[in-house]
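Worksheet: the structure to be examined is printed underneath.
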Amino acid sequence: MMSSEFFTTWFLPGIWITIQVTVYAAALGAVIAFGIGLARDSQFWIVRFLAGVYFEIFRGMSALVLMFWMFFALPFFGWQLVPMWAGVSALGLTYGAYGSEVVRGSLAAVSQAQKEAGIALNFTRWQRLRLIEMPQAWPEMVPPFNNLLIELLKGTALVSVITVADMTFAGNLLRLGTNETTPIYTLLLVLYFVLAFLITRGMRLVERKAKAGIGQQPEKRGGITAKLSARGETLQAGSGSAGGMG
Amino acid sequence: SRVPDEGKVLGGSLLDTLKGQGSVKIGIASEPPFGYVGDDGQATGEAPAIAKVIFERLGIGEIKPVPVDFGALIPGLKARQFDVVSAGMYINPLRCEQVLFSDPDYLMLDAFIVKKGNPHGIKRYEDIKAKGLKLASGKAYAQIDSAKAVGIGNILILPDQVAGLDAVAQGRVDAFAGTRITVSDAVKGSNRAEATEPFQPEIDGKPVYGAGGFAFRLSEQNFRDAFNEELLKLKENNYKELLEIVKPFGFGMADMTDLTAKELCAG
Amino acid sequence: MNWDWQVVDDFMPRFWDGVLVTLQALAIGTLIAFALGLVWALAQRSTLMWVRWPVIAVTEFIRNTPLLVQLFFLFYVVPNFGPSMSPLTTGIVGLGLHYSTYTAEVYRAGIDGVPVGQWEAATALSLSKGRTWRAVILPQAIRRVVPPLGNYVVAMLKDSPMIATIGALDMLGEAQAFSNETFTTEALTVVGVAFIVIAYPASLLIRALERRLVR
Amino acid sequence: MDGSELIRFDKVTKRFGSNVVLDNLDFSVDSGKHVTLIGPSGSGKTTILRLLMTLAKPDEGTIKVNGDYLTHEEKNGKLVPAGEKHIREVRKNIGMVFQQFNLFPNMKVLRNLTEAPVTVLGMSKEAAEERARDLLELVGLTEHIDKYPTQLSGGQQQRVAIARALAMRPKVLLLDEVTSALDPELVAGVLDVLRDIARTTDITMLCVTHEMNFARDISDAVLMFDSGRVLESGPPEKIFGDPEHERTREFLSAVL
Amino acid sequence: MDGSELIRFDKVTKRFGSNVVLDNLDFSVDSGKHVTLIGPSGSGKTTILRLLMTLAKPDEGTIKVNGDYLTHEEKNGKLVPAGEKHIREVRKNIGMVFQQFNLFPNMKVLRNLTEAPVTVLGMSKEAAEERARDLLELVGLTEHIDKYPTQLSGGQQQRVAIARALAMRPKVLLLDEVTSALDPELVAGVLDVLRDIARTTDITMLCVTHEMNFARDISDAVLMFDSGRVLESGPPEKIFGDPEHERTREFLSAVL
Ligand SMILES: Nc1ncnc2c1ncn2[C@@H]1O[C@H](COP(=O)(O)OP(=O)(O)OP(=O)(O)O)[C@@H](O)[C@H]1O
Ligand SMILES: Nc1ncnc2c1ncn2[C@@H]1O[C@H](COP(=O)(O)OP(=O)(O)OP(=O)(O)O)[C@@H](O)[C@H]1O
Ligand SMILES: [Mg+2]
Ligand SMILES: [Mg+2]
């Protein structure tokens, strides 16, 4: 369906770009998720307010529109982003907003009693967060983060629209060069599915470790579908606000 | 990062920079035969072929293609994602405000992709208007303006010529407008669609020339002039060298022109 | 940078065209997603293995692959062996199909949330299968599914610009075409703001709905 | 009608995994009788009712209701597992009231009572509503006819559930600890209704309860269960007054 | 050290909404004493401990611990609400053991005991671990040092929680019904540990408990609460043997 030259010059690097965009955007998203997630419960109202505004704006924003805007409109404001970074930023900013809801929700779910036990031992706010609340909230965050990560992986296909040569972009190039569409798009879909599968398996390991870290056994879930599905809380972290990602 | 400054040397020093690094990034739009990525994964097409020869002569050995959407060519150029647009982009006054054009390396007529046998007898934009047919064209194609000028509203904008071919073959639209060669290339091997005779579009009685060239940033006048000089040499001896380069892509004597960017930019 | 209101003014007629397409895609896409999702959810509970497994596999696959590529697939590949649809129709079908796999999960959770005692009571009254579903289970499941379904409508709104890539000119498509023709960017900014302006009240609405239903 | 055998368990065994819950159980209930099942927790009382209601299937043995096999059909003289249609036919003879009421929360009280008669028995809507009104009067809830279940107290809900089961005119009414989810002060009202029904109708009742006084009041026979077997059975005076087995004595002294 | 006033409540009022839980309460505890708070449910015992632990703030009045105001600071001769820093300084004197243990499930037993001494008191890790080992020996759990809390029984968890509070070397130990979440057979072990501590250390203990025998054993004084006031107080022999108030008598006869 494609020549080996095409495969090595465009398609293989495309897979690599997709992975890179996923990783970078996930890293940015994670930083934002924790930053904004914590800020939304800050003791200072102004911090809470600004974090809330960030959350509402980026949650309401279409990642594709944001990407376009960063790519085409931002330069006119005097800033220029390399396409890949425009894509990474747009994805990171958006999914970071969803992630902040996960962080906030999981932290809020840590029992009040644990927080009080921390006060009784005279920990500072920050120490309580670092030593008690975060380690206990973390295992709760992993499954919704997995869902977000898969949504993010799917979102990376959008960068092809702003000319980042990811695997979807390579697929389009091949279509235009050869008008041979069926095999390439089928392959693309399968590849994304495989990547999603790998992410889910990876996150299961993370979850198992996280649970072991607080002395819990992870519950067993069987079947390939259970491992892959965006099931359960999802999205719907915080009654589904993060669920409304897509 | 900040948008780079518009060059410190009057008329730009990009050529020297590129010579120094020995490579140039060219923006292409995945539109056969002007510029596209072939099955072998290499950039090819009329414009990249010309670029290869000219840049070689300017002392730049390597060409790095950057394929983007047609609509992203000018923004991409301005944003320095590549150094020159090498996509056979039509030279028109509106675009001349945004970029510097080389002199055109071809002059091309428009044509349509229509259903096999051209059941509606479409020859020009006016026929489509008169018969109330449905027209499609490509995103950011210059053909859209010509079509609008004769009063065709509601043009279906498709991502590219391949989508156009499908749209016509599947009866979504009656015709897809593009350049003569885009059109004839797209229908190659199709048994459901064919290309119409090329024609010269007009707006208000004045011919609209579909002449395409290379585009440079407004600040890079020196680079453009050097390029023009080499292009002119290719056109010597009745376009001998130029013809040789572009023939494999379906271009012929009829597509050669002596018009200049200056004339085309004037409108 | 220089902001030109004149450009915004020029863009407005096309903006409204785009809004119309966006809303159209959203409305019909939602209908498809809601209806098809229910079909998936019911099929996933089928006692017949050869119904259940293929449906689970297909929905998992669709949910875990990008909508964008699915749109390309529907637009460029499907016509080779199946129906060929206009860009807008393709976009609507793509959106609806993709989101139906999410709504299927929502329905599934909603149905699982109906206490098992309700099934048993229906059996004890000899209600038929169909009647049990229609009169007992689904009416109760619906309360639980409305808020998450609403969230997915907002999510779908945010994904709707993708249909521009196959030539259905929604808000973003119009803005992009306009920007390409005029070499301006105001239109993109307008559309960006429009999304927030539409999505924020929508999510407020859903949160209010959620509070009312989940009491 | 009285006197004929309405329910017969024939060598019924039921297991959950390796846990044998009913062990080769035989017993029968005659038409029109009120039978109470007592016994320690986990002895299999609920399981018997669930088998009768076809909410669970026996692993071995057969159950007959009103002369018909419940989960089996006779075809060409052979017993084969019954089809859905046959089961629904036999099941029409049986009504059940659950510990947790299980009213349909999406229907008002009236429709809870009319839904099944109309769609299952094919009664006309008017006839069904007339009967519903009668039954609501019987359970003393006429004024709540237009409310949703959640607007009623637990005791009221349970009375509606009893009326709902009766609306299907079953031959047998199964009652599984119908008062144990209720606050103490609501128990009496429900038991009164059941006493009324036991007295005024000829419906056969199979009752699991921990309310021994109630059991003594209404029962024609009491069956004492232990570990999935009938330990002993007899009229209430006998079982409560002078039980044969030490185990029964123990159990009764613990619950009375 | 004994004898000086370590805790003083001065006209402390605490309300939740319109519910006045502590009403203008005055009382003090001397250093080294073991004081038990008793009283009916809802009388405000837990609230007192929570106020001392700064988990809640008084609406009126002041609390002094070891001579310092707990939630207030003196600035230019005026009492102003205290900053976080001041509160943490005074709070160092106080340790608390909760009814629900509240061990940190993400840390093993050893780290539950060393984390606060190291990060809050700035102890070296070695010193903290050494002390942790001593304390685990005191509560008889040396062999469980490397387990997660979820791997321990409730009684073991509570003993770890006591050790954890002691690891901070507080002057006062607050104990809120530390045995009431435990299965009966685990209670004795925990009480034994507390008796040991009361006997062998000079730590001040403020204890809410329903274990009257334990209270009688270890208390220097017993405070009987009712409706947010101290009804009476005195040595255990007095309160348990010959209470002044009818209310106390009633309460004791109900719980003993
Ligand atoms: N669905 C099931 N899966 C596995 N075991 C079950 C199931 N249902 C019942 N059991 C087991 O069957 C045994 C009998 O249960 P059953 O509910 O019939 O007892 P019971 O006599 O009604 O007790 P109780 O008085 O507590 O209601 C119990 O040991 C129970 O654990
Ligand atoms: N966070 C709170 N919000 C509202 N009311 C509260 C709160 N905490 C305690 N109360 C009320 O304060 C009163 C005293 O509660 P407290 O827990 O101090 O009683 P107690 O003496 O410890 O009772 P018990 O023996 O039941 O533990 C009660 O009426 C309780 O309802
Ligand atoms: Mg039972
Ligand atoms: Mg208390």
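The values are calculated or read from the model by the stated rules, or taken from the named source; none is laboratory data. Quantities reported herein were computed from a predicted structural model and do not represent experimental measurements. Heads up, the Cβs are rebuilt from the backbone with ideal geometry, glycines too, and the neighbour counts pull from every protein chain shown. Areas reflect the complete protein model, heavy atoms only, side chains present, ligands, DNA and RNA absent. Shrake-Rupley method; radii C 1.70, N 1.55, O 1.52, S 1.80 Å.
Listed by first and then second residue, the pairs with beta-carbon distance under 7 Å, at least 6 apart or on different chains, first residue in region E:40-58 and free of Cβ contacts under 8 Å to residues at least 24 places away in the same chain, second among the aliphatic types (A, V, I, L, M) and away from ligand 1 (no atom under 16 Å from the Cβ), are E:50/E:56; E:55/A:119.
Listed here are the residues, each with its yes/no results for (1) open to solvent by 10 Å² or more (accessible area, probe 1.4 Å); (2) at pLDDT 90 or above; (3) of a type in the set (D, E, K, R).
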position	(1), (2), (3)
A:156	no, yes, no
A:168	no, yes, no
A:174	no, no, no
A:180	yes, no, yes
A:203	yes, yes, no
A:209	yes, no, yes
A:219	yes, no, yes
A:242	no, no, no
A:246	yes, no, no
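Looking across region E:28-54, the residues that are more than 10 Å from ligand 2 (Cβ to nearest atom) and either open to solvent by 20 Å² or more (accessible area, probe 1.4 Å) or of a type outside the set (A, V, I, L, M, F, W, C) (or both) come down to E:28, E:30, E:31, E:32, E:33, E:34, E:36, E:54. Determine if region E:151-173 includes at least one residue that is within 16 Å of ligand 2 (Cβ to nearest atom), within 12 Å of another protein chain (Cβ to nearest Cβ) and either touching a residue at least 40 places away in the same chain (Cβ under 8 Å) or closer than 22 Å to residue E:47 by Cα (or both). Taking every residue of region E:151-173 in turn, none turns out to be within 16 Å of ligand 2 (Cβ to nearest atom), within 12 Å of another protein chain (Cβ to nearest Cβ) and either touching a residue at least 40 places away in the same chain (Cβ under 8 Å) or closer than 22 Å to residue E:47 by Cα (or both). Within region E:1-13, which residues are closer than 25 Å to residue E:79 by Cα and open to solvent by 20 Å² or more (accessible area, probe 1.4 Å)? E:4, E:5, E:8, E:10, E:11 - these are the residues of region E:1-13 that are closer than 25 Å to residue E:79 by Cα and open to solvent by 20 Å² or more (accessible area, probe 1.4 Å). Could we say that residue C:205 is modelled with pLDDT under 80 and open to solvent by 30 Å² or more (accessible area, probe 1.4 Å) here? No.
Exactly one residue out of C:55, C:51, C:69 is surrounded by 19 or more Cβ atoms within 10 Å (Cβ to Cβ) and over 23 Å from residue A:63 (Cα atoms): that is C:55. Screening residue C:133 with (1) within 14 Å of chain A (Cβ to nearest Cβ); (2) open to solvent by 10 Å² or more (accessible area, probe 1.4 Å) gives one miss only, at (1). Which of the following residues is at pLDDT 90 or above and within 11 Å of chain A (Cβ to nearest Cβ): B:41, B:27? The match here is B:27. Whether any residue in region E:63-74 is in contact (Cβ under 8 Å) with a residue 24 or more places away in the chain, touching a strand residue (DSSP E or B) at 6+ places or on another chain (Cβ under 7 Å), of a type in the set (Asp, Glu) and away from ligand 1 (no atom under 16 Å from the Cβ) is what I want to check. The answer is no, given that none of the residues of region E:63-74 is in contact (Cβ under 8 Å) with a residue 24 or more places away in the chain, touching a strand residue (DSSP E or B) at 6+ places or on another chain (Cβ under 7 Å), of a type in the set (Asp, Glu) and away from ligand 1 (no atom under 16 Å from the Cβ). For region A:17-29, the criterion of being within 14 Å of chain B (Cβ to nearest Cβ) and open to solvent by less than 70 Å² (accessible area, probe 1.4 Å) is met by at least one residue. Just a yes or no: is a residue in region C:32-53 closer than 30 Å to residue A:176 by Cα and either touching a Pro at 6+ places or on another chain (Cβ under 7 Å) or more than 10 Å from chain A (Cβ to nearest Cβ) (or both)? No. With a cut-off of at least 3 residues that are touching a residue at least 12 places away in the same chain (Cβ under 8 Å) and within 13 Å of the chain's Cα centre (by Cα), name the strands (runs of 3 or more DSSP E) lying wholly within region B:10-129. So the answer is B:84-90, B:106-108.
Inside region B:213-264, can you point out the residues that are among the aromatic types (Phe, Trp, Tyr) and without any contact (Cβ under 8 Å) to a residue 24 or more places away in the chain? Spell out how you get there, then give the answer.
Of all residues in region B:213-264, those among the aromatic types (Phe, Trp, Tyr) come to B:214, B:216, B:223, B:227, B:239, B:249, B:251.
Listed by number, the list holds a single entry, B:239.
Condition check: within 13 Å of chain C (Cβ to nearest Cβ), in contact with a helix residue (DSSP H, G or I) (Cβ under 8 Å, 6 or more places away or on another chain), open to solvent by 10 Å² or more (accessible area, probe 1.4 Å) and under 27 Å from residue D:57 (Cα atoms). Does residue D:106 satisfy that? Against the criterion (within 13 Å of chain C (Cβ to nearest Cβ), in contact with a helix residue (DSSP H, G or I) (Cβ under 8 Å, 6 or more places away or on another chain), open to solvent by 10 Å² or more (accessible area, probe 1.4 Å) and under 27 Å from residue D:57 (Cα atoms)), residue D:106 does not qualify.
Run down B:174, B:166 and say which single residue is surrounded by 22 or more Cβ atoms within 10 Å (Cβ to Cβ) and without any contact (Cβ under 8 Å) to a residue 40 or more places away in the chain.
B:166
When residue E:87 is tested against the conditions (1) within 14 Å of chain A (Cβ to nearest Cβ); (2) in contact (Cβ under 8 Å) with a residue 40 or more places away in the chain; (3) among the β-branched types (Val, Ile, Thr), the lone failure is (2).
Region E:138-238 holds strands (runs of 3 or more DSSP E) entirely within its bounds, and those carrying 2 or more residues that are surrounded by fewer than 23 Cβ atoms within 10 Å (Cβ to Cβ) and away from ligand 4 (no atom under 16 Å from the Cβ) map to E:229-234. Selection of helices (runs of 4 or more DSSP H) fully inside region A:32-142 by the criterion of at least 2 residues being more than 14 Å from chain C (Cβ to nearest Cβ) returns A:45-60, A:83-109, A:112-120, A:125-128.
So, in region A:155-166, how many residues would count as being at the interface with another protein chain (Cβ under 9 Å from one of its Cβ atoms) and in contact with a Ser or Thr (Cβ under 7 Å, 6 or more places away or on another chain)?
4
Number of residues in region B:134-152 that are more than 14 Å from chain C (Cβ to nearest Cβ) and surrounded by fewer than 16 Cβ atoms within 10 Å (Cβ to Cβ) equals 1. Among the numbered conditions (1) more than 16 Å from ligand 2 (Cβ to nearest atom); (2) at the interface with chain A (Cβ under 9 Å from one of its Cβ atoms); (3) open to solvent by 50 Å² or more (accessible area, probe 1.4 Å), the only one that residue E:133 does not meet is (2). If you check B:19, B:116 for being basic (Lys, Arg), in contact with a Gly (Cβ under 7 Å, 6 or more places away or on another chain) and open to solvent by 10 Å² or more (accessible area, probe 1.4 Å), only one passes: B:19.
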